[in-house]
Amino acid sequence: MRKVPIHVVGLSYSSTQTGAYALVLGETGGKRRLPIIIGSFEAQAIAMKMENVSASRPLTHDLFQTFADSFGIRVKEVIIYNLHEGVFHSKIICDDGLKEVELDSRTSDAIAIALRFDCPIFTYEFILSSAGIVMDDTSEETESSTPEEPEAEEAEITGQTPVSPDSYETIPMAELESELRKAIAEEAYERASRIQKEIDRRKSN
C-alpha cells in the first residue's frame, strides 16, 4: 500500500472526553485532517517538543531518544498502519545500521518520538478515507480543527474487566467516578465517554 505523508497540525483540549486531548494530524500537501484522542501526559510530551520547551528532567520520550542515540539506533519513520474498532495502531521503524526493527506503539507515543527524532510520519489511504475530515479552502489549520467525536488511539491492555455499559445506571456515583478515572488512565476513551454521559445525566436531574 502507498504510504501517505502526514504531519502534526496541532493539539486541543477535547470537549467530549474528560482529561483528554485531540491530536490533529494533517495530510502533507492535502486538505484532510486526522484527529486522534490522546492522554494528557502524551499531549504534554508532544506540545513541549512542538514549542521547543525543555523539561527540568527528561520525560519518557526524551529518555527513549537519549537511549537510542547512545547506542546508535536511528528512528527512520513512524507509520499509523491500521484502524480497528476505533483504535489507531502505529509502529516505529528503527535501525542500527545492521538490521531494521518494527516496534508496535501507541499512536501518541509514536508521534512524540517522531517529533524528537525529526523523522517522517505516514499513514495509509484507507485510514484517511475512513477517519479523516476534509478541510475547505477557508479553513485554517488551528488546534481546534477537530470533529465532535474523533477516534481514540490504542488503549493499553491492563487485564481489568470494565463495568458493563448496561450497569452504569445502577452503580453508585462514587464508584462511577472511580470507573471514569480508571477508564481515562487506561485511555479507554469510548468507555470513559459513556461513563461521563451517565454522570452528566445524574447531575442534570
* Using modelled backbone amide H atoms (1.01 Å from N, in-plane), which distant-in-sequence or interchain residues come within less than 5 Å of SER90's amide H? -> TYR81, SER105, THR107
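Nearest 20 debye, what's the magnitude of the dipole of the range 11-70 about its Cα centre given +1 on Lys and Arg Cβ and -1 on Asp and Glu Cβ?
Here the size comes out at about 240 debye.
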* From phi via Karplus (6.51, -1.76, 1.60), per-residue ³J(HN,Hα) for the range 78-89 in Hz, x at Gly/Pro -> 10, 10, 8, 9, 7, 9, 10, 6, x, 10, 7, 10
* To do: Any lysines with Cα under 28 Å of the LYS203 Cα? List them, leaving off those in the same chain fewer than 8 positions away.
  => LYS182
* Out of ILE38, HIS61, ILE121, whose Cα points farthest toward the positive end of the dipole of the range 3-153 (charges: +1 Lys, Arg; -1 Asp, Glu; placed on Cβ)? -> HIS61
* **FRET efficiency, 1/(1 + (r/R0)^6) with R0 30 Å, evaluated for GLU51 and THR170 via beta carbons** => 0.10
* **Unit charges on C-beta of K, R, D, E only; dipole of the range 3-153, Debye** => 340 debye
* In nm, what is the difference between 0.36 nm times the number of residues separating LYS31 and VAL134 and their Cα-Cα distance? -> 36.5 nm
* For an R0 of 25 angstrom, estimate the FRET efficiency from the Cβ-Cβ distance between ARG202 and SER40 and round to the nearest 0.05. => 0.50
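Read-outs: derived from the displayed coordinates by stated rules, not from any lab. Keep in mind the model is a prediction, meaning the values are calculated, not measured. When we count neighbours, we look across all protein chains shown, and the Cβ atoms used for this are built from the backbone with ideal geometry, even at glycine.
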